[in-house]
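Heads up: the structure comes next, in structure tokens.
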Amino acid sequence: MRHPSYTGVLLAFLGLALSLHNLLSIFLIMVPITVALLHRMNVEEQALLRALGERYTSYMARTKRLCHFCIDRPVYGGAAPHWRAASRCARVWPMECPFNQEREPQYYGDYLGIDRLLELQKPLSLREGKLIAHDEMLFIIVHQAYELWFKQIRHELEACGEVLSKPAADDDGPDMNVVVHRLKRIVEIWKLLNHQVDVLETMTPLDFLEFRELLHGASGFQSKQFRQIEAALGLRMENRFRPEYYKHTELGGFNKSDFEQVSEFEKAPSLLQMVERWLARAPFFDQSFWSEWEEAQNGAGAAERPAFWSRYRELFAGSLSERDDRADLLGKFDDIFFGQGWGDFSAAALRSALFIMLYRDEPLFRLPFALLNALIEIDEQLATFRYRHLQMVRRMIGTRVGTGGSSGEQYLQGAVNKNYVFKELAGVITFLIERRNLPALPDRLHKALRFSWAEA
Ligand code: HEM
């Protein structure tokens, strides 16, 4: 039975009523007590249903309320809501109706935690129920909206990391498709975030000055999630502009717990590292694909590098204009693709990236190309955010120092120029040549890059 204590209470009152040997007192004692307890049970059961859902529904189905022999019918027709929904369904749609499932229905506001969410805007200029600086509400809401979207971006990056950290992700199948899909979503979110600057810019500098002094010590510098996104993408500390500015726990820097969390986060493998590994292990430079090509080229340059790349270097040199710095670019070509690599990318990884970009129309390269493109686009959107944010800052505070203690405009301009994550990947584009001049691929490789059913 589900309410043994109420059964006990009812029995105790029944004993009292019987001891009075009077029908009227039995009626006067038992009726109000029973009605009150049944109401109470109903309230409790609704709450339990909301909290426990199906587990409590099945418990209700197995047990009686007050005793094994009682008729178990809730008062006010107050059956659990899904029972009502189920019977409605059974009448109208006997099959495949979502209401037929024994599931606790949700309520919009509860599911989304709207009341709690709307409690979270606490302007500092709110005094005795009056918001002194009207635009502080906008300032808070825009920042909170950013943080919510940052959470979604982190969620997507985490999912991409799970796939890419597998020892052998399915390169041309669902695995990579999912990664590309999620990265494209991140691009769209950044576009939205960049557009949000327009909304905040409806606040004038004078409106901002009404509450700016209250923010002393607080700054976007301290956005833990922003730093986590930068780190998850692969922006290393030493590659940033003036990292010492924000990576501290003095006034304007992180609090201790955020500092530790960000530092911990920076140790995990980044998207850049995973992509680098994935590119470096690409199998399309296996000697088996290239032997016929090497023979046709009479083994030209075979000692130094595969014949394909020697030929490609010539074609690249031929594609340069008179105004290009030939020696510099060819030197870079050798360094980047056959020397030490570039930034955090090895030469092998960058060769693969270049090859994928060149032969992107081959069916099996479409996903890898979409992946590289999405990474470059994320970087571009992030840079757009930095730039839009810088312009907004100029407009709001001119060249004054930031509330986080940096030089403000100057610092932000430095970050715009320097804090790119995939700039070397984007830099590969410098070494592309016209599609019409591309060497034809060896037959074996060409076939391997088609979907297998195309050969049938
Ligand atoms: C009135 C609007 C804003 C002003 C005047 C402003 C000002 C500044 C300034 C001066 C800095 C440099 C650090 C400092 O010394 O404080 C900064 C950094 C930053 N702000 Fe804002 N900000 C505004 C709105 C926003 C919004 C809406 C966001 C969205 C989350 C944001 C995110 C950031 C981030 C992430 C940084 C660190 C940038 C980096 O280190 O690359 N800011 N902000």
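The values are calculated or read from the model by the stated rules, or taken from the named source; none is laboratory data. As the structure is a prediction and not an experimental result, all values here were calculated from the model. Because the Cβ atoms are built from the backbone with ideal geometry, glycine has one as well, and the counts that use them run over all protein chains shown. Surface accessibility is based on the protein's heavy atoms, side chains included, excluding ligands, DNA and RNA. Shrake-Rupley method; radii C 1.70, N 1.55, O 1.52, S 1.80 Å.
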Of these, GLU213, GLU250, which one is in a loop (DSSP other than H, G, I, E, B) and surrounded by fewer than 18 Cβ atoms within 10 Å (Cβ to Cβ)? GLU250
Report yes if some residue within segment 221-238 is near the ligand (Cβ under 10 Å from one of its atoms), among the aromatic types (Phe, Trp, Tyr), touching a residue at least 12 places away in the same chain (Cβ under 8 Å) and not in a loop (DSSP other than H, G, I, E, B); otherwise report no. yes
Any idea how many residues of segment 1-43 are touching a residue at least 40 places away in the same chain (Cβ under 8 Å) and open to solvent by less than 70 Å² (accessible area, probe 1.4 Å)? 5
Search segment 401-415 for residues being more than 8 Å from the ligand (Cβ to nearest atom) and open to solvent by 20 Å² or more (accessible area, probe 1.4 Å), and hand back the single one that is farthest from LEU371 (Cα to Cα). GLN410
Number of the exception - MET357 against (1) crowded, with 20+ Cβ neighbours inside 10 Å; (2) within 23 Å of ALA440 (Cβ to Cβ): (1)
Say whether the condition of being away from the ligand (no atom under 16 Å from the Cβ) and crowded, with 20+ Cβ neighbours inside 10 Å is met by at least one residue in segment 256-270. yes
Given the criteria among the charged types (D, E, K, R) and in contact with a Gly (Cβ under 7 Å, 6 or more places away or on another chain), does ASP175 qualify? no
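This table checks each residue for (1) part of a loop (DSSP other than H, G, I, E, B); (2) open to solvent by less than 60 Å² (accessible area, probe 1.4 Å); (3) β-branched (Val, Ile, Thr); (4) farther than 30 Å from LEU272 by Cβ.
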site	(1), (2), (3), (4)
PRO123	yes, yes, no, yes
PHE150	no, yes, no, no
ILE153	no, yes, yes, no
GLU158	no, no, no, no
LYS166	yes, no, no, no
Taking ALA349, is it closer than 24 Å to GLY161 by Cα and buried (at least 18 other Cβ atoms within 10 Å of the Cβ)? yes
For segment 189-208, enumerate the residues that are more than 10 Å from the ligand (Cβ to nearest atom) and open to solvent by less than 70 Å² (accessible area, probe 1.4 Å). ILE189, TRP190, ASN194, ASP198, THR204
